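Remarks on the structure that follows.
What follows draws every value from the coordinates through simple rules; no lab data is involved. On a predicted model such as this, the values are computed, not experimentally measured, just so you know. All Cβ positions, even for glycine, are placed from backbone atoms using ideal geometry, and neighbour counts span all protein chains on display.
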Amino acid sequence: MRRGASLFNIVSIAIGLAFLYLPISILVIYSFNASRLVTVWAGWSLIWYRELLNDTAILQAAWISLRVAALSATAATILGTLAAVALVRLGSFRGRLLFSGMVYAPLVMPEVITGLSLLLLFVAFNVDRGFWTIAIAHTTLTMCFVTVIVQSRLIGFDRSLEEAAMDLGCPPLKTFLTITLPLIAPAIAAGWMLAFTLSLDDLVIASFTTGPGATTLPIRIYSEVRLGVKPEINAVCTIMIAVVAAGTVVASLITKGGAARRQREALGAQV
Amino acid sequence: MADGGQAAQEPVSIEKPPLVRFEAVTKRFGSVVAVETLSLDIKHGEFFALLGPSGCGKTTLLRTLAGFEAPTQGRILLDGEDIVPVQPHRRPVNMMFQSYALFPHLSVEGNIGFGLRQENVARAEIADRIAEMLVLVRLQGFGGRRIDQLSGGQRQRVALARALIKRPRVLLLDEPLAALDKKLRAETQFELMELQRKLGTTFVIVTHDQEEAMIIADRIAVMDRGRLMQVAAPAEIYERPNSRWVAGFIGETTMIEGRLGSDSNIESVLGRMRVAGSSNARSGDKVWLALRPEKISMTAERPNEGLNAVAGTVSEIGYRGDMSVYKILLSDRSVMKVALTNVSARGETPFSLHDLVWLSWPPEAGVVLTE
């Protein structure tokens, strides 16, 4: 079987990549446009990035988004890791299937429904909407992603490591903290990064659960674009793309590094 | 306490009680019985082997001693105390795992010192004892290495040092040499024996390799399907197996079926066999004569009268270098295995295919088995 580049493969890859990245690259290129008109190219410039620094509304929205993302990613990582441990370690407890189904449901649930139901919940409990409600909503959204990542690492985890630690006099909780946690840390870190980026670019759920004074960056961008596309928006979007791309790359490097190390260990054991 | 009069005069019992005692231990996993009402004593300072085919319950038994499995029924006594309710991290036994289970995020020293760091041992003492252990397992200078920088044999020794550093009452070894290649395994077997003699610690090893168990252990418990088949010293298990199963599991055996006649004769299809030694079979019972291949002599001429003899033809020759194994086809179409040492240095075997030969053995060479 020849796995080289046939014409068909090259064309299909090119079309696929074009669909994915053409809009984004146009946005990135035009963020460096010297012209005020979005559709007219007038040479390279960093003017819109400089303008951005003076746009307090955008900067404030970005700051809120980052805080929401950091807080909700941290909460989601803690809850998601605990859920993963329960799913993998407790064996077949009553309602295990129901629990795992419920943990994974937000993965496929339309965001509109998640957002609307959270909104109804906050209204029913008379919670003032704002920063905290967005953070809670994003925790709900991203927790299941953390669970999926951590769970896959825990399934491949050699239980005899924990047994060895206990055999050497380490109590169960300390074993979890000193042996299990450091070894699944890459998966937890990857989960955190993913939760962070998911929270950063969410518009739907945030717009349902936001309140006065808590405008996240995607909400800000969306509302500004409705009044006409400003080149500044291109600049802020480019920065967001950079942050999200960096986050995704770091997350995949962390998990890959763990996999490579496991492979090295497996190889070494055979020597 | 057994002989009332003597015990009264001598309050200290003459025989030390066993270090480990399994009392009617049963372990079930759902409907599967892994260990079935098993009772066993392990003495102080012994190198004890649990031997059996895979799935016979030997690892489960070891894990009940380490505390990772709780027996469904029965008690496990360590120095006379029931340790079943004691959690694994509080038991004075340590285990070396088949996969070694070394902590990949800790260095060699971090791994070896892990057990001591769980207690309130001073840092200086931990460092001293790690150094001592590194010398003991010949890994001086490797203390700072990462685990993935070690070879399989080095990892095995780190695992051993880690399990020994707390000076356990019993060291449990779960197939400790299974991952090593054959040559290294043979060397390590002798190292383990030497180490055990030097430390005087009781070692309990689980293995499926009968040769390894014979070489390494003072006593062997042969297990099958959750039950003990025989517990004895290696030589006794080899020379005096108590059942056809044990005789067949340990080494090569030829079985000759027959009925025990009067005055220690077995009547078989191959003729009358004289046997010596005691057996609990009575005349008329169905018995089997178990013969080891190396106890049988092979000659071209008919041997003299005092020996049991059968005639056959050489049907297969397996050359193994130091010895050759011959399969001899007998008159009743059954096959008998004979092992002969290759004395000639020219690489030729004294008999060739299709030769007519006589097989003979003295009455005391075989074992009479009733089950």
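As a test of the formula, what do you get for chain A when each DSSP H run with n ≥ 4 contributes -39,500 (n - 2.57) and the sum is divided by the residue count, at 222 nm and rounded to the nearest 500 deg cm²/dmol?
Result for chain A, helices only: -26000 deg cm²/dmol.
Could you work out the relative contact order of chain B? I mean the mean sequence separation of Cα pairs under 8 Å and 6+ apart, divided by the number of residues, in percent.
15 percent
So, with +1 on the Cβ of K and R and -1 on the Cβ of D and E, and no other charges, what is the size of the charge dipole of the stretch B:252-369 about its Cα centre, to the nearest 20 debye?
For this selection, approximately 160 debye.
List residues of the stretch A:25-45, by number, whose backbone nitrogen lies under 17 Å from a label position 7 Å along Cα→C-beta of A:A18.
From the stretch A:25-45, the list is A:25-27.
Evaluate E = 1/(1 + (r/R0)^6) for B:K182 and A:V11, where r is the Cβ-Cβ distance and R0 equals 56 Å; express this FRET efficiency to the nearest 0.05.
Computed FRET efficiency for B:K182 and A:V11: 0.55.
Would you mind calculating the relative contact order of the stretch B:143-256 from Cα pairs under 8 angstrom and at least 6 residues apart, reporting the percent as a whole number?
Reported as a whole number, the value is 17 percent.
If R0 is 56 Å, what FRET efficiency do you get for B:S279 and A:D158 from their C-beta distance, rounded to 0.05?
About 0.70, to the nearest 0.05.
Based on the Cβ-Cβ distance of B:Q140 and A:W132, what FRET efficiency does E = 1/(1 + (r/R0)^6) give at R0 = 60 Å, to the nearest 0.05?
0.55
What residue among B:I126, B:S54, B:P234 has its Cα farthest toward the positive end of the dipole of chain B, where the charges are +1 on Lys, Arg and -1 on Asp, Glu, each on the Cβ?
Result: B:I126, furthest along the dipole toward the positive end.
Would you list, by chain and number, the lysines whose Cα falls below 20 Å from the Cα of A:K256, excluding same-chain residues fewer than 8 positions away?
Excluding near neighbours in sequence, the set is empty.
When only DSSP loop residues count, what GluC sites (Glu not before Pro) in the stretch B:262-370 have their Cβ near at most 16 other Cβ atoms within 10 Å?
B:E301, B:E305, B:E348
Describe numerically, in nm with one decimal, the distance between label points set 7 Å from Cα along Cα→Cβ at A:T248 and at B:A235.
According to this spin-label approximation, the distance is 7.3 nm.
Just checking the output field for B:91-103: average partner chain Cβ neighbours within 10 Å of each residue's Cβ?
4
Can you grab the distance from the C-alpha centre of the stretch B:192-221 to the C-alpha centre of the stretch B:18-42, Å, no decimals?
Answer, in whole Å: 20.
Say a site is exposed when it is one of the trypsin sites (Lys or Arg not before Pro), sits in a DSSP loop, and has at most 12 other Cβ atoms within 10 Å; what is then the longest site-free stretch of chain B?
The answer is B:139-281.
Would you give the gap between the C-alpha center of the stretch A:188-227 and the C-alpha center of the stretch A:94-154, rounded to a whole Å?
15 Å
In chain A, which longest range has no trypsin sites (Lys or Arg not before Pro) that are both DSSP loop (not H, G, I, E or B) and surrounded by at most 12 other Cβ atoms within 10 Å?
With trypsin sites (Lys or Arg not before Pro) excluded where exposed in loops, chain A gives A:95-271 as its longest stretch.
Given charges of +1 on the Cβ of Lys and Arg and -1 on the Cβ of Asp and Glu, with all other atoms neutral, how large is the dipole of the stretch A:1-137 about its Cα centre, in debye to the nearest 20?
Dipole about the Cα centre, nearest 20: 540 debye.
Across the stretch B:20-239, how many lysine pairs, 8 or more positions apart or on different chains, have C-alpha atoms separated by under 28 Å? Please give the number.
The number of close lysine pairs in the stretch B:20-239 is 12.
Within 10 Å of each Cβ in B:147-155, how many Cβ atoms from other chains are there, averaged over the peptide?
Rounded to a whole number, the mean comes out at 4.
Which value, in Å³ per residue, describes the convex hull spanned by the Cα atoms of the protein assembly as shown?
Value for the protein assembly as shown: 298 Å³ per residue.
Let me have the 222 nm mean residue ellipticity of chain B computed from DSSP H runs of 4+ only, each contributing -39500 (n - 2.57), with the sum over all residues rounded to the nearest 500.
Rounded to the nearest 500, the figure is -6500 deg cm²/dmol.
Starting from the stretch B:201-261, pick out the GluC sites (Glu not before Pro) whose DSSP state is loop and whose Cβ has at most 14 other Cβ atoms within 10 Å.
Here the GluC sites (Glu not before Pro) that fit, given the DSSP loop and packing criteria, are B:E252.
According to a simple spin-label model (label point 7 Å from Cα along Cα-to-Cβ), what is the distance in nm between B:R90 and B:A127?
Rounded to a tenth, the inter-label distance reads 3.4 nm.
With label points built 7 Å along Cα→Cβ from the Cα atoms of A:L177 and A:L97, find their separation and express it in nm.
3.8 nm
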